[in-house]
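Participant: Right, I'll just put the structure down here and ask away after.
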Amino acid sequence: MADAPDTALAPIGSVRRTQVGREATEPMREDIRLLGAILGDTVREQNGDEVFDLVERARVGSFQVRRSEIDRAELASLFDGIDVHQAIPVIRAFTHFALLANVAEDIHRERRRAVHVAAGEPPQHSSLAATYLKLESAELDSATVADALTGALVSPVITAHPTETRRRTVFDTQHRITELMRLHLRGHAHTDDGRSIERELRRNILTLWQTALIRLSRLKIQDEIETGLRYYPAAFFEVIPQVNADVRTALQARWPDAHVLDQPILRPGSWIGGDRDGNPNVTGEVVRLATGSAAYTALAHYFVELTALEEELSMSVRLVRISDDMQALADTCGEPARADEPYRRALRVIHGRLTATAAEILDRQPEYQLDLGMQRYETPEQFLADLDVIDASLRANGSSVLADDRLARLREALRVFGFHLSGLDLRQNSDVHEEVMAELLAWAGVHPDYRSLSEPDRVEILVAELATRRPLVSPGAELSELARKELDITAAAARAVRVFGPHAVPNYIISMCQSVSDMLEAAVFLKEAGLLDGSSDEPYSPVGVVPLFETIDDLQRGSAIMEAVLDIPLYRALVHARGEQQEVMLGYSDSNKDGGYLAANWALYRAELDLVEMARKTGIRMRLFHGRGGTVGRGGGPSYDAILAQPPGAVKGSLRITEQGEVIAAKYAEPTIAQRNLETLLAATLESTLLDVEGLGDAAEPAYEVLDDLAARAQRAYSELVHETPGFVEYFKESTPVSEIGALNIGSRPASRKPTTAISDLRAIPWVLAWSQSRVMLPGWYGTGAAFEEFIADGDEDARLEVLRDLYEKWPFFRSVLSNMAQVLAKADMGLAARYSELVTDEALRHRVFDKIVKEHDRTITMLRLITGQDDLLADNPALARSVFNRFPYLEPLNHLQVELLRRYRSGDDEDLVQRGILLTMSGLATALRNSG
C-alpha cells in the first residue's frame, strides 16, 4: 500500500514521505500503515463516517501544521465547541494509534538488530556480547573481578505511576498484537494454526477499540499492585532466570578462579504497596496484600512448572539409571501406578510439599496444587535442594540435555524469586517519622518533647533505645491514628520477613533524609517490629536502613551524614552484620524540582563523588539506589548511557534503579524487549565496575570546576523563574493540567504530600507530568541555556566554548546530560505550549512567565547546537528521531482537545464525559511520549 497524500482522507496510519533513512525505516512505516489502516477501518465501522472524517481532518491538519501550510489555530478550531460525545472517540482514536505505533517501533528495533546480526557486524554497544569483548580486552585478573563483583546486584525496582493505568485486557491485547506483528515481520501471512494474521489483527484491534482504556473509579493500590505483578508472567519469569544463568556462565568461563556471581546478580524489587511517602492509602493490610500477592505469583509459577515437568520427565527405571538420592526422594511417594517412573514420583513429592507450603504461607491458593498430606518447605533452599537431587541424577546418568531445559529454568527462578518473588521496600518521609517518634517516646516516658531536642540529644536517645530490648509501647497503647498505622505497617513487614523470608522486605527508605537522627528513627521503628536487634553482642537487621537524599542541599550533605552515622558503634555493627553493605538512595526528582535540570544532575554527580570517598574512608561497600523517573526531568534517559555516566567507583558491581510509568511497559512488557533492556542494565553495570569509563584522568578536577560554575548559574536562572517570579505557581496551575491530575481519578497517591500550593510540597510526578502534557517539558532543560550563555560570555568566548565542546567529546556524564536534554527539547513544542498558556486568565502573568520560558527555550537550543556542533537535536538518537517524525503529529489533536476540555471543566462543566475526556487525553499523551513522568 502506497503512502496516501496528506491532503486525502487516508488511513490514520499514513505518514509523510521522507528521504531520510528511507530504506532502513520503510518496513516500520509499512507496519504503521498496516496497523493505522486497520484502526481507521475500525473507527469508521464502529463510530461512523462523521467521526472518521473528523479524525482524518485532524490527522491531515496536523501534518499541514508540521509543514507550516496552515496555522495551528486553524487546526485547533476543529475542536472549538466540539460535542463531547464526538470528542471521546477522536481522543481514543489518536490514543490507540500511539499505542499501535509503539508496537511498530518496538518490532522495528528487533528487525534492525536482526539485520545487524545477519550482516555479521560487531555486537552493538549496550549488549552483553559487546561488554564481554571490552572486558576481555582489559585483561583483568581474577582477584580484581572477584573483589569488584562481591555481592553484585542489579535491581530494577518497579514503582506505581498515575499514567500507567492500562487495564489487563488492554495489556494482553497489545501483547497479542505484538506477537502477530512478529509473525508478520518473519514474512508469515498466517498463524501457526492457519488463521490469517491480518484478520487476527483486525479482531484484536476491534477488541482494543471496544475495551475502555481507563477505569471509571479511582485507581486503588490493589490495582497498582496487580499492574506491577503482571510483568512477571509476561516476561520476567522467562527472561530473568535465563539472563542470570547466561551472565554467570559467561563470567565464570572467562575468570574461572574468581567464583563470581554465586548469587543471582539480577533481582527485581518493588515499591508498590510499601511506599507510603505522601500516600495515606498504604496500610499494614496493604503491605500484607503486596507481599502476599507477590508470593502468590511466585508459587503459582512454580506449580505450573512442576506440573509441566511431571508430564515431561516420564523416564522409566526399566530404561534409565538414577542416583541413590533420587531413589530416596521418589520413594517418599508411594503411588503404585508410577512405580517405575521415579522422576514423576519425585516431582509429585515436591509438588505435595509445595502445596503444604502454599497452604501455610499464602492468603489465597493457586491452581495446580497437589495435596498429599506432606510436610511443607520451611525455606526456598529446601525446595531447591530437592530440585537439585533431580538435576544431579539426570546429569549423572546421561540426561544433561533434559536437566538443561525446564528444570534448569525452574531452579534458576527459585534462586532469584524464592518464596517472596521480589523485595518490597518500605518508604516514609522523615517528617512523619519525627512526629510518630515523638509520640512514642512521650508515651513510654522517655522524653516529653522529643521534637524540641537538639540533634545530638536526639541521637543519644535513639541510640539508647536501639541498645535496649524493651519496646517503647505495648500492643494496647493509646496512640494516634498515624502512630498506630506506622506501627501496623512495620508489623506487617516483620510478618512478611518471617513468612516469606528475609528478602521479602530488604530496605526501609527515609525520604527527605537530612540528619543522623532521621536514619536512627527508622531503625527504632524496625526494632519496635522485631526486625532489628541492637541489644545483642552482634546487632542485626534483615532490613537495611536507607537514607534518601533528595534536595540539592541534602545531596551536598549526604556523605557527612553517612560518616556521622557510621561513627556510631551500634549502627556500624548493623552494617558489619550485613556484609559491610550500606545502601544510599539518590533522588533525581526533588533535586530537579528544587534547583533545575543541570544543577540537579551536577549535585547528584558531586554527591556520588563524595559518597565514594566516604565509602573508601569508612571501609564499607556502598550500593547506590537511583530514584530515576521515566522522563529526563526525573532522571530518565537511556539507562546504558546514564550508568556509564556515573563517577568512578559509584557502581562497583551493584546498582538499584527505579522503573516508573510508561517506561515499565516499554521496557518489560515483552520477553524479547525485556531481555534487551535487562541486558543493557547488566552491561553498563559490568563496564562501570570493571573499566575506566569516565575518561577524564588528570583533567577531572578542572572539569568539575567548570560544572560547579555552570550548575550555580543554571540554578540561579531556574530559581529566578520557579521560586522568585510573582505568580509562577498560579501560572503553573492554570497553564497545565496539574490540578486535574489531583482532582481526577489518576493513581492512588495524592498529588501533594500535604495540602499546600507550594512547589516544594508538590510531588515530583505531577510536577513533571503536568509540564509534559502541556509540551513545555520545563524540568528537563530550563536554566541550562542561560548558564551556558553566561559562562561563555564571562571570559574568552572562543576558549570557553572550546572547553565545553571538549567536555562534550570526552566526558560521558556531560555528553549524557546534553543528549538527554536534546531529547526533551525535541519533544517540547512552544507552539502547543502557547495554547496552554491561554488558559491563564491573568494576561499580564501569562506574558510574564511564558515569554521567559520561550526565550530560555530558544536560548537553550542555540547553546546546545553551538556546543555539540549538531543542528539536528536528535543526531545521536536516530530511534527517537524516527519516532518524533513518524508519530508526533498524531499527538497534536490530543493536546488541542485537552486544552478545549480543560477550559470547559474549569468553566464549571463537570459532566462525567468531560472529565473522562481529560483523563483520556492524559493517558494518550503519556502513551505517545512514553516517558511522561
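No value in this document is a laboratory result; all are computed from the given coordinates. The structure displayed is predicted, hence computed values, not measured ones. With ideal geometry, Cβ positions are generated from the backbone for all residues, glycine too; neighbour counts draw on all protein chains shown.
Participant: Highest mean first, how do 312-320, 684-692 rank when packing is the count of other Cβ atoms within 10 Å averaged over residues?
Facilitator: 684-692, 312-320
Participant: Does the range 295-417 come out rounded, prolate or oblate by the C-alpha gyration tensor, with a ≥ b ≥ c the root eigenvalues, rounded set by a/c under 1.5 and, if not, prolate when a/b is larger than b/c and oblate if not?
Facilitator: Prolate, since a/c reaches 1.5 and a/b exceeds b/c.
Participant: With each pseudo-label sitting 7 Å past Cα toward Cβ, what's the residue 851-residue 257 distance in nm, one decimal?
Facilitator: 7.2
Participant: Once label points are set 7 Å from the Cα along Cα→Cβ at both residue 830 and residue 444, what is their separation, rounded to one decimal in nm?
Facilitator: A separation of 5.9 nm, rounded to one decimal place.
Participant: Tell me, what is the FRET efficiency for residue 482 and residue 147 to the nearest 0.05, using R0 = 45 angstrom and their Cβ-Cβ distance as r?
Facilitator: The calculated FRET efficiency here is 0.50.
Participant: Could you compute the FRET efficiency for residue 116 and residue 136, with r as their C-beta to C-beta distance and R0 at 25 Å, rounded to 0.05?
Facilitator: Calculated value: 0.75.
Participant: Binning at 5 angstrom from zero up to the longest distance, how are the C-alpha pair distances of the range 425-627 distributed in percent?
Facilitator: 1, 8, 16, 19, 21, 16, 11, 6, 2, 0, 0
Participant: Another question, if that's okay. For a quick check of your reading of the filter: which trypsin sites (Lys or Arg not before Pro) in the range 205-283 sit in a DSSP loop and have no more than 15 other Cβ atoms within 10 Å?
Facilitator: Passing sites in the range 205-283 are 215, 218, 220.
Participant: Label-point separation (nm) for residue 190 and residue 701, each offset 7 Å from Cα along Cα-to-Cβ?
Facilitator: About 7.4 nm, to one decimal.
Participant: May I pose another question? Could you give the length gained on full extension between residue 249 and residue 77, defined as 0.36 nm per residue of separation minus the Cα-Cα distance, in nm?
Facilitator: Stretched fully, the residue 249-residue 77 segment lengthens by 55.8 nm.
Participant: Compute the normalised compactness of the chain: alpha-carbon radius of gyration over 2.2 N^0.38 Å, N being the residue count.
Facilitator: Taking the Cα Rg and dividing by 2.2 N^0.38 Å, one obtains 0.97.
Participant: So what does log10 I(q)/I(0) come out to for the range 781-854 at q = 0.16 Å⁻¹, using the Debye formula with one equal point on every Cα and no solvent?
Facilitator: -0.74
Participant: Go through 774, 241, 483 and say which Cα lies farthest out towards the positive end of the charge dipole of the chain; charges sit on Cβ, +1 for Lys and Arg, -1 for Asp and Glu.
Facilitator: Result: 241, furthest along the dipole toward the positive end.
Participant: Still on this model: So if we plug the beta-carbon distance of residue 838 and residue 397 into 1/(1 + (r/R0)^6) with R0 = 60 Å, what FRET efficiency do we get, rounded to 0.05?
Facilitator: After rounding to 0.05, the efficiency reads 0.20.
Participant: To continue, here is another question. Can you classify the range 90-199 as rounded, prolate or oblate using the Cα gyration tensor, where a ≥ b ≥ c are the square roots of its eigenvalues, rounded means a/c under 1.5, and otherwise it's prolate if a/b beats b/c and oblate if not?
Facilitator: Taking the square roots of the gyration eigenvalues as a ≥ b ≥ c, the range 90-199 is oblate.
Participant: A further question follows. Residues in the range 835-874 near a label at residue 802, defined as backbone nitrogen under 19 Å from the 7 Å Cα→Cβ point?
Facilitator: Of the residues in the range 835-874, 866-870 have backbone N under 19 Å from the label point off residue 802.
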